[in-house]
Structures are given as structure tokens and as C-alpha cells.
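The values are calculated or read from the model by the stated rules, or taken from the named source; none is laboratory data. The structure displayed is predicted, hence computed values, not measured ones. We place every Cβ from the backbone using ideal geometry, glycine too, and count neighbours over all the protein chains shown. What goes into the accessible areas is simple: the full protein's heavy atoms, side chains included, and nothing from ligands, DNA or RNA. Shrake-Rupley method; radii C 1.70, N 1.55, O 1.52, S 1.80 Å.
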Amino acid sequence: MVTSSKMPQTSTQIQVYSELCIGETAEEQTLMEGVFSAPRSSSEEPGKNEKAPDDGHLAYQNGDVLQERYEVISLLGEGTFGKVVRCVDRRRAGARVALKIIKNMEKYRQAAKLEINVLEKINEKDPHNKHQCVQMLDWFDYHGHVCISMELLALSTFDFLKENNFLPYCMDHIRQMAYQICFAVNFLHINKLTHTDLKPENILFVNSDYTITYNAEKKRDERKVKDTTVRLVVFGSATFDHEHHSTIISTHHYRAPEVILELGWSHLCDVWSIGCILFEYYEGFTLYQTHDNQEHLAMMERVRGPLPSTMICKTRKQKYFHCRRLDWNDSSKAGRYVKDHIKPLWRYRLSEAKEHHQFFDLLEKMLEYEPSKRLSLSSALCHTFFLPLRRGSKAWESTRNICR
Ligand SMILES: Nc1ncnc2c1ncn2[C@@H]1O[C@H](COP(=O)(O)OP(=O)(O)OP(=O)(O)O)[C@@H](O)[C@H]1O
């Protein structure tokens, strides 16, 4: 229920937030506000970049050329760390690219270098770009602004949903997208990386052109994307197995229970996030729409039943519990909200359609509390929900060895 856009959302924001909090000067407080008031989604804005340069952004105008190579066409989106603009690459026969221009601030420069390191690793392990992760083409420092040139993608799966009035994706499309997401993230896991910030905003269509059909039952037009090919973006929080694992990671809604309970985390926290994302594609709304840990845990209990006592006993966050049970009052205002608005996952299984059974079986396995019992992505790729993809699908063909 609590939805403050000024709160840190992603793990990198959280990291920057805690660093900024150390000084607690007025200047840093102002900076913090600017950092965390970024909108949830991006929007395309033709015309000039009208922001003052002192907010750390590069002052540019459409038509400007960076490095005598990248001609800025339009703004694609704005993130915490800078802007992403559409450019013509004059050295590659006018090919279009997305250029991420990082703010001219040391913290963001450092964060960008970590992202570049991960993108370089991905390029090295996947030179033919078969694993559905965005491809980095080039990077450079432009007067203190680190710039990352990437393949140009289209709308995010969140923005598409939003522009379609939050009408859910159809099951066939969910299946195709889910398979690619599992495949991409499994590739990261095989290469000792955890993404840590999976959410519909960070999964982009390669082409978001759509057809419009009239839904007589809902009495409205519905958009259907023509091609469901997606790519993962934003690797700024990706963490190698050997690296320090920050205590808190992920955007709140997609955060796994072991992270909330500060029990340590592994690749499997990505699987939890994917479970939440797939539910959102299916329903059109977020499964855990909250920024409050206690409420989040109560929602999880409503969806999946009581938290395992092993996790409750191990956590140092005992303030959320009383007598080894979640300290939560079903009759309070928040309690009633959770009860009225959240449906247990098993109830979705009551649907007669086989594909719904298969889909919710997969979801239950991904949304398993105990990471040690949660489905790995290599197993997820072999789940019966994906059987209809079989041969004929590019994604299936390139990954079929995983299931042998
Ligand atoms: N390769 C790309 N092609 C097309 N659009 C892109 C590409 N990469 C990013 N975008 C767009 O730019 C927006 C901002 O991207 P950016 O990577 O800065 O976001 P972010 O790091 O997730 O920001 P935040 O940390 O605030 O969530 C994205 O939401 C997306 O809409």
C-alpha cells in the first residue's frame, strides 16, 4: 500500500542512498531527492533536453554529435544514472543505437564501470548475442559522462502493459517471453552472475509493433505485440558469485523473502523475481504492491501460506515476528486490505484450462520460500508449461540441449 516514489527502489539506488546518507548534508539530501524521484517508467520525448546541466545530466540538443560519431535523435528514457537517447551511429552506415549517457558524478561513473564490466563479460561469453541480453557495442568517456552504446530496443514489457491499459498478456505470449527470460537469466547464472534487479521495466521488446483487436467481452481495443522477442537490460546491479553481496537487493516488489529477512542470497533470488514478473504479465498488476517489509511478508503468507519456521528462526529481523509467527493483525486496516486484495496462488489453479495449471505449477515452484527448494532455471526451462514451444521455435532450438 505504501508507494513513495522518493524511496530507493533498486539495489544500486539503495547502495547510493546509503552512501549519501553518511554525510547527511543539505546538499546531499537535495541530491538524494533528485535521485529517488525518478519516474517508474520511461517516456519518449521529442525535442530539446530542457533540464539544467547542473543536475549532472549532459546538456545536449537533438542533432548534437558525440565523439564525431553518435548523432542524438531523441530521448528514449531517463533512469537514476542518466538518460538513454536514440542515436544514429555515423560510423556504422547510419545504424540506430541506444546511448546511455551517465551523469557527470563520481558515484554514477563508478556504477557505470561496473555495468560495463558485466556487459563486457556477457559479450565475451555470448559473442553472437544468442542469450537475450542487450548487447553493448561501445563505451567511452565524454567530458566526464560515461556513455554506453547498445543495440536499440523498443518498449519495455512494463511500458507496453501500461500503454495497453494494463490488460494482461495472453498465455501464448507469456510462455514465449517467460522462456526467453528463464533462458537469459540461466545464462547469467551459468556464468556466475546474479542479475538482482529483474522487473518488467528491465525486459525490453526488440520490436514492440502491435496489432489491435476488439475484445467484445471487455468492450475495448487490445494491443497484441507482433513479435515477443525480448532482451534483458540494466546490469548495473548484477553481482558475480565471488563479489560482495549487498544485504538488500532488488526493487521491493520483486524482492525475495531471504533478502527481506537478510538471510543471504544466491542466484535463486532472480527466480523469485521472475515468478513475480510472470504473475504481473498474467494479471496486469503487481503481485506484491508494497514498500513495507512487514506488509510484504503478510502478502507472501496470503499468497503462499505461512513462512517456514526455519527461516523465521534464522533471521535477525525478529522485529517482524512474535512467538515465531509473523506479527500481523488480519483485522487491522492493512490486514483487511491484504485479505481483500490478495488471492492465494492455489486458487488460480481452480481454472479448468490445462495451460493455467501448468503455468501456476511453474509459478508455485518459482515462488517457493526456501531458496534451497526453489526451482533452478535450468529445471524451469524443462517445465511442462514450455512444452508447446518445442521445435519450430528459435528459442527452443538454441536451448534444447539444456533439457537433455
Ligand atoms: N537498449 C535500449 N534500447 C531502447 N531503450 C532503452 C535501452 N536501454 C534502456 N532504454 C530505455 O531507457 C530507460 C532508462 O534506462 P536505464 O538503463 O537508465 O534505466 P535504469 O538504470 O533502470 O534506471 P533506474 O535505475 O532509475 O531504474 C529504460 O527504462 C528504457 O525504457
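Structural remarks
- Burial order of peptide ranges 310-317, 189-196, 94-101 (average beta-carbon count within 10 Å, highest first): 189-196, 94-101, 310-317
- Gap separating the Cα centres of the stretch 263-324 and the stretch 168-228, nearest whole Å: 23 Å
- Shape call, the stretch 338-381: gyration tensor on alpha carbons, a/c limit 1.5: oblate
- Our Cα-only numbers for the stretch 60-185 put the radius of gyration and Dmax at 16.1, 47 Å.
- In the structure shown, the pairs K226/K339; K103/K319; K103/K192; K107/K317 are assessed against 32 Å; a Cα-Cα span above that value is assigned to K226/K339; K103/K319.
- Förster radius 56 Å - calculated FRET efficiency between T384 and E106, Cβ distance, rounded to 0.05: 0.65
- Gyration tensor verdict on the stretch 130-186 (Cα atoms; rounded if a/c is under 1.5, prolate if a/b is larger than b/c, oblate otherwise): oblate
- For the stretch 260-404: relative contact order, % (alpha-carbon pairs under 8 angstrom, 6 or more apart): 26 percent
- Protection proxy ranking of 270-282, 63-75 - average other beta-carbon atoms within 10 Å, highest first: 270-282, 63-75
- Extended-chain gain in nm, criterion 0.36 nm per residue less alpha-carbon gap, D221 and W346: 41.9 nm
- The stretch 96-253, relative contact order in percent, only Cα pairs under 8 angstrom and at least six apart counted: 26 percent
- Summarising the label geometry, the points placed 7 Å from Cα in the beta-carbon direction at D209 and R90 lie 3.0 nm from one another.
- Global form of the stretch 138-289, assessed from the alpha-carbon gyration tensor, a/c cut-off 1.5: oblate
- Dimensions of the stretch 223-322 along the principal axes, based on C-alpha atoms and rounded to the nearest Å, stand at 51, 35, 20, largest first.
- Across the stretch 130-200, C-alpha contacts under 8 Å between residues 6 or more apart give a mean separation that, scaled by the residue count, equals a relative contact order of 29 percent.
- Relative protection proxy for 165-176, 336-347, from highest mean packing down: 165-176, 336-347 (other beta-carbon atoms within 10 angstrom).
- The label-point distance for K333 and D141, in a model that sets each label 7 Å from Cα toward Cβ, rounds to 5.2 nm.
- Whole-number accessible area per residue in Å² for the stretch 264-363, which is evaluated in the context of all protein chains at 1.4 Å: 48 Å²
- Here r is the Cβ-Cβ distance between K130 and M311 and R0 is 35 Å; the resulting FRET efficiency, rounded to 0.05, is 0.40.
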